Amino acid sequence: MCSIAFINGQFMTIDKAYVNIEDRGYQFGDGVYEVVYVYEGVPFALEDHLERFFNSLNSVKIQTDYTKQDIEQIIYDGLKEANLKYAEIYFQITRGTSRRTHTFPEKVSSNFVLNIQPGVNPPTELWEKGASVSLAKDIRWSRCDIKSLNLLPNVLAKQEARDNGYFESVLYRDGYIIEGSSTNIFIVENNQIYTYPANSHILGGITRKHIISLAESINIKVNQIPFTVEQLYHANEVFLTGTYIEVLPVTKVNSEIINNGLVGPITKKLNEEYKKWINNECGLSAIKIS
């Protein structure tokens, strides 16, 4: 088993993977990316990730010769090369390599980079006891629906949270909760779920999308409407979703304890249903935490 990379048509070990200093992703963040988790050798929700990836490419007007089928084949070839059953796949496309100029370069091919590494689980106690989150003002740009390489505001928010002993930073704007620095957030009030609507203020998470579908399939009402900071503090339950964390309960927001510090029943149920879905798609060993 090993970590490998793929750059513009060639597989190599991670330590030999480099891009040109004039790659526009490096100099401008001029590119988009995706992260996919692999269970039992099967890339989970790959079609959804690829669809979002190409939507992001179209939104920033990056053209590529790679098709969805090409990238899917590269992923499966890479998994075979790396011999990994549980893995994290990162891939990105930038506008290409050219002399630094703010306008789009002409006659330049995009650069495609992918790496496959062993997957990493958050600590088990986060599922058992819940995570803590802090709040931060949302200072990002107005097209958060694009999965852009420009993540510095997210990085700063996440690091500030970690420096203060929190797992995640939850962003707010004009008094409303938006999303986490690398997650989507949900609250439960009176047995109904609330989450910010999928517009340009959030990245419409793949896990978010499927949790909404799963909740509705078991007759839990989902309201995709903004909720306030005060609603978050006084929610019956709070949970985060994301490719890496799946469904993660939150039991503390700043100094406020949620649900007496206990993981709520709806969060538990959705966590179970999501793991069943992974199991059905990828195999029995895909269920990481029972």
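What follows is calculated from the coordinates using simple rules that are stated; it is not laboratory data. If you're wondering where the values come from, they're calculated on a predicted model, not measured in any experiment. Positions of Cβ are generated from backbone atoms using ideal geometry, with glycine treated the same way; all protein chains shown enter the neighbour counts.
Return a whole-number percent for the relative contact order of the range 4-118, with Cα pairs under 8 Å and 6 or more residues apart as the contact set. Mind showing how you got there, number by number?
Values: 186 pairs, mean separation 44.2, N = 115.
Value for the range 4-118: 38 percent.
Report, to two decimal places, the Cα Rg of the chain normalised by 2.2 N^0.38 Å (N = number of residues).
Numbers: Rg = 19.4 Å, N = 290, 2.2 N^0.38 = 19.0 Å.
Cα Rg divided by the expected 2.2 N^0.38 Å: 1.02.
Considering only DSSP states other than H, G, I, E and B, which chymotrypsin sites (Phe, Trp or Tyr not before Pro) in the range 1-88 qualify as loop sites with at most 15 other Cβ atoms within 10 Å? Mind dumping the intermediate values first?
On the way: sites: PHE6, PHE11, TYR18, TYR26, PHE28, TYR33, TYR37, TYR39, PHE44, PHE53, PHE54, TYR66, TYR76, TYR86; in loops: TYR18, PHE44, TYR66, TYR86.
Of the chymotrypsin sites (Phe, Trp or Tyr not before Pro), the ones in loops of the range 1-88 whose Cβ has at most 15 other Cβ atoms within 10 Å are TYR18.
Based on the Cβ-Cβ distance of VAL108 and TYR244, what FRET efficiency does E = 1/(1 + (r/R0)^6) give at R0 = 41 Å, to the nearest 0.05?
Numbers: r = 33 Å, r/R0 = 0.80.
It comes to 0.80.
How big is Rg to Rh over the range 124-286, alpha-carbon atoms, Rh as the Kirkwood inverse-mean-distance radius? Could the numbers behind the result be given before it?
On the way: Rg = 14.8 Å, Rh = 15.8 Å.
For the range 124-286, the value is 0.94.
Please find the FRET efficiency linking PHE11 to ASP163, where r is the Cβ-Cβ separation and R0 is fixed at 35 Å, and quote it to the nearest 0.05. It would help to have the intermediate numbers written out before the result.
Values: r = 37 Å, r/R0 = 1.07.
The formula returns an efficiency of 0.40 here.
Taking just the alpha-carbon atoms of the range 4-118, what radius of gyration and Dmax come out, in angstrom?
So, for the range 4-118, Rg and Dmax equal 14.1, 44 Å respectively.
Most exposed first by the Cβ proxy, i.e. fewest other Cβ within 10 Å, how do ARG173, ARG95 rank? All intermediate terms of the calculation are to be shown ahead of the outcome.
On the way: ARG173 14, ARG95 24.
Ranked by crowding around the Cβ, least crowded first: ARG173, ARG95.
Can you put TRP141, TRP277, TRP127 in order of Cβ neighbours within 10 angstrom, beginning with the fewest? It would help to have the intermediate numbers written out before the result.
On the way: TRP141 10, TRP277 18, TRP127 22.
Starting with the residue having the fewest Cβ neighbours, the order is TRP141, TRP277, TRP127.
Percent relative contact order of the range 124-286, based on C-alpha pairs within less than 8 angstrom and at least six residues apart?
Working: 304 pairs, mean separation 40.5, N = 163.
Relative contact order here is 25 percent.
If you put +1 on each Lys and Arg Cβ and -1 on each Asp and Glu Cβ, how big is the dipole of the range 124-286 around its Cα centre, in Debye rounded to 20?
Result for the range 124-286 is approximately 280 debye, rounded to the nearest 20.
What share of the DSSP beta bridges in the range 139-290 is antiparallel, in percent to the nearest 5? Don't jump to the answer; show the numbers that get you there.
Values: 21 of 23 bridges.
Looking only at bridges with both residues in the range 139-290, the antiparallel portion is about 90 percent.
What full-extension length gain, to one decimal in nm, is calculated for TYR18 and ASN223 as 0.36 nm per residue of separation minus the Cα-Cα distance?
Details: separation 205, 0.36 × 205 = 73.80 nm, distance 4.47 nm.
Contour length minus the Cα-Cα distance gives 69.3 nm.
Among ILE4, ASN219, GLN63, whose Cα sits farthest toward the positive end of the charge dipole of the chain (+1 at Cβ of Lys/Arg, -1 at Cβ of Asp/Glu, about the Cα centre)?
GLN63
Calculated FRET efficiency, ASN58 and ASN260, Cβ-Cβ r, R0 51 Å, to nearest 0.05? Don't jump to the answer; show the numbers that get you there.
Numbers: r = 46 Å, r/R0 = 0.91.
So the FRET efficiency works out to roughly 0.65.
Pick out, from GLN92, VAL133, TYR194, the residue whose Cα sits farthest towards the positive end of the charge dipole of the chain, with +1 on the Cβ of Lys and Arg and -1 on the Cβ of Asp and Glu.
With unit charges placed on the Cβ atoms, the residue in question is GLN92.
Once phi is turned into θ = phi - 60°, what whole-Hz ³J(HN,Hα) does the Karplus curve with 6.51, -1.76 and 1.60 give for every residue of the range 92-109, x standing for Gly and Pro?
Running phi through 6.51 cos²θ - 1.76 cosθ + 1.60 with θ = phi - 60° gives 8, 10, 10, 5, x, 10, 6, 4, 5, 8, 5, 6, 5, x, 9, 6, 10, 7 Hz.
Separation between the GLU281 and ASP70 pseudo-spin-labels, each 7 Å from Cα along Cα→Cβ, expressed in nm?
Distance between the two pseudo-spin positions: 2.5 nm.
Which value, in debye to the nearest 20, gives the size of the charge dipole of the range 4-118 about its Cα centre, when Lys and Arg are +1 and Asp and Glu are -1 at the Cβ?
Numbers: 11 positive and 16 negative charges, 89 e Å.
The dipole of the range 4-118 has a size of about 420 debye.
Gain in length, LYS80 to THR101, computed as 0.36 nm per residue apart minus the alpha-carbon separation, to one decimal in nm?
Numbers: separation 21, 0.36 × 21 = 7.56 nm, distance 3.91 nm.
Residue separation times 0.36 nm, minus the Cα-Cα distance, leaves 3.6 nm.
Between LYS129 and VAL35, with labels modelled 7 Å along Cα→Cβ, what's the label distance in nm to one decimal, could you check?
2.3
With 10 angstrom as the radius, rank SER132, SER3 by how many other C-beta atoms surround their C-beta, starting from the fewest. Could you put the intermediate results ahead of the total?
Details: SER132 20, SER3 16.
With the sparsest Cβ surroundings first, the list reads SER3, SER132.
On a 0 to 90° scale, report how tilted helix 68-82 is relative to the longest principal axis of the chain, with both axes built from alpha carbons and the result rounded to the nearest 10.
Relative to the chain, helix 68-82 is tipped by roughly 90 degrees.
Contact order normalised by length for the chain, with contacts defined as Cα pairs under 8 Å and 6 or more residues apart; what percent is it? All intermediate terms of the calculation are to be shown ahead of the outcome.
Details: 568 pairs, mean separation 53.6, N = 290.
Relative contact order here is 18 percent.
Too long at a 25 Å Cα-Cα cut-off: which of LYS80/LYS107; LYS68/LYS147; LYS16/LYS209; LYS221/LYS276; LYS209/LYS269?
Values: LYS80/LYS107 34 Å; LYS68/LYS147 17 Å; LYS16/LYS209 36 Å; LYS221/LYS276 20 Å; LYS209/LYS269 16 Å.
Checking Cα-Cα distances, LYS80/LYS107; LYS16/LYS209 exceed 25 Å.
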